[in-house]
Structures are given as C-alpha cells and as structure tokens.
Amino acid sequence: MFLPAFMFIGLEKDDCWGFCSHENCGKRCTIFSSVLAAAIGVAGSGYCVIVAALGLAEGPLCLNSSGQWNYTFANTDGQYLLDTSSWSQCAEPTHVVEWNITLFSILLALGGIEFILCLIQIINGVMGGICGYHCSRQQRYDC
C-alpha cells in the first residue's frame, strides 16, 4: 500500500522524477508510472484479500477444551462464523474468535476497496495514455 502511495506522490509533476525533459515524454512516463503503481497496488490488495479470506475460513489458533493449541475451526469450512455457540471451544486467549473475525473482516473490506480503486486507476491511466496522447495531437479550430 505504501509503495503505490509514494509513487503517486512522486508523480505530482509531469517530468517523471526528472528523467525526461520533453513535455509529452514526461506525461507519458507519468501515465505509465501511474499504471505501474496501480498494478502493484492491485497485486498487494489481492494478496491482502486472499490472506484475510483464508484467515476467516481457518479460524484462530487457540487453546481448546482438551488443552491443545490448534486451529479448532479449521475443518468447519467457515461455518463457525455463523455458529456463535461454538466459539466457546477456544478457551484462551479470551475473545480470540471475535478478535480474529473483526481483524480479518476489516482487512478483507479494505483490501477489496484498494483493489477496486487501483483497478479504476489502471483503467484511467490506460485510457488517459491512449486517448490523451491521440486527442492532444488533433487540430482544434476556434470559431
């Protein structure tokens, strides 16, 4: 999340971090860098969504009633999420199931939002790179 954010901040000027002195070259480089940063964001958010979904499906590592530390809800296919009475199978840490569900639900939501925003940025950058470059080369006549 931080790498794309720093890249977007660095792209504030149209000179592509000073690598290109020509105006059109700088704009194309900026658009390409914007798409690259958004692609990194899509990859990172996709990873976040996968890890959060697996964390929700697997359940927390906890001390069960037989005194063993294990993933008590690993074989329930996520059904423990709906059956709150089964949460008492985890003796320690206290409220670990609620904490696990809250954490991974927030990560899942934020990862999904980041994925959508970065995907929109990729589409915007590609369309801006294609249309913006060709539209700027057309002649315009004032009446």
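Once the C-beta distance of Leu36 and Glu98 is scaled by a Förster radius of 41 Å, the resulting FRET efficiency is 0.55 to the nearest 0.05.
Could you list Phe32, Phe115, Phe73 in order of exposure, starting from the residue whose Cβ has the fewest other Cβ atoms within 10 Å? Don't skip to the answer; put the middle values down first.
Details: Phe32 14, Phe115 18, Phe73 25.
In increasing order of surrounding Cβ atoms, one gets Phe32, Phe115, Phe73.
Per-residue packing, averaged as other Cβ atoms within 10 Å, sorts the ranges 78-84, 124-130 into the order 124-130, 78-84, beginning with the highest. Using the Cβ-Cβ distance between Val126 and Thr76 with R0 set to 30 Å, the FRET efficiency works out to roughly 0.10.
How would you rank Ser66, Ser45, going from fewest to most other Cβ atoms within 10 Å of each one's own Cβ?
Taking fewest neighbouring Cβ atoms as first place, the list is Ser66, Ser45.
Counting Lys and Arg as +1 and Asp and Glu as -1, what is the net charge of the other residues whose Cβ lies under 13 Å from the Cβ of Leu56? Walk me through the numbers on the way to the answer.
Working: positive: none; negative: Glu58, Asp77, Glu98.
With Lys, Arg at +1 and Asp, Glu at -1, the net is -3.
Counting other beta carbons within 10 Å of each Cβ, put Trp69, Trp87 in order, fewest first.
Details: Trp69 10, Trp87 20.
Arranged by neighbour count, lowest to highest, Trp69, Trp87 become Trp69, Trp87.
Spin-label model, Ser65/Ala53: points 7 Å from Cα along the beta carbon direction are separated by 3.3 nm.
Read the figures in this text as sums done on the coordinates, not as results from a lab. Source: prediction; values computed, not measured. Here the Cβ is made from the backbone with ideal geometry for all residues, glycine too, and neighbour counts use every protein chain on show.
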